[in-house]
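Structure first, commentary second.
The values are calculated or read from the model by the stated rules, or taken from the named source; none is laboratory data. Remember, predicted model here, so these are calculated numbers, not experimental data. Please note: Cβ atoms are built from the backbone with ideal geometry, for glycine as well, and neighbour counts cover all protein chains shown.
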């Protein structure tokens, strides 16, 4: 069971993470959860629970990051298209 103090810590970091641009969230979470992998996992679970689907693309090489971001964007677009196809079949 989560203590009230832990929940407050989690809530504070989550609120701060939502104020950061989505592309900057991985680096923010790395800093905010530096040595606390359980906190990072819980935050990622909360983001999903609140309806976000986080995509974490990390690195420092601009050329490689461009490729990773493009691939991630393509994956997100394909998922959106899949949701749209499903919704059209339900109508």
Of the conditions (1) without any contact (Cβ under 8 Å) to a residue 40 or more places away in the chain; (2) more than 10 Å from the chain's Cα centre (by Cα), the single one that residue 69 does not satisfy is (1)
I'd like to know if region 38-52 contains one or more residues that are in the same structural domain as residue 6 (by TED's automatic domain parsing), under 20 Å from residue 6 (Cα atoms) and outside any helix (DSSP H, G or I).
yes
For region 39-50, state whether one or more residues are surrounded by 10 or more Cβ atoms within 10 Å (Cβ to Cβ), over 18 Å from residue 21 (Cα atoms), free of Cβ contacts under 8 Å to residues at least 60 places away in the same chain and more than 15 Å from the chain's Cα centre (by Cα).
no
Report, ordered by the first and then the second residue, all pairs with beta carbons closer than 6 Å, sequence separation of six or more or different chains, a first member in region 1-24 that is at pLDDT below 90, and a second member that is surrounded by 11 or more Cβ atoms within 10 Å (Cβ to Cβ).
14/43; 14/46; 17/25; 17/28; 20/28
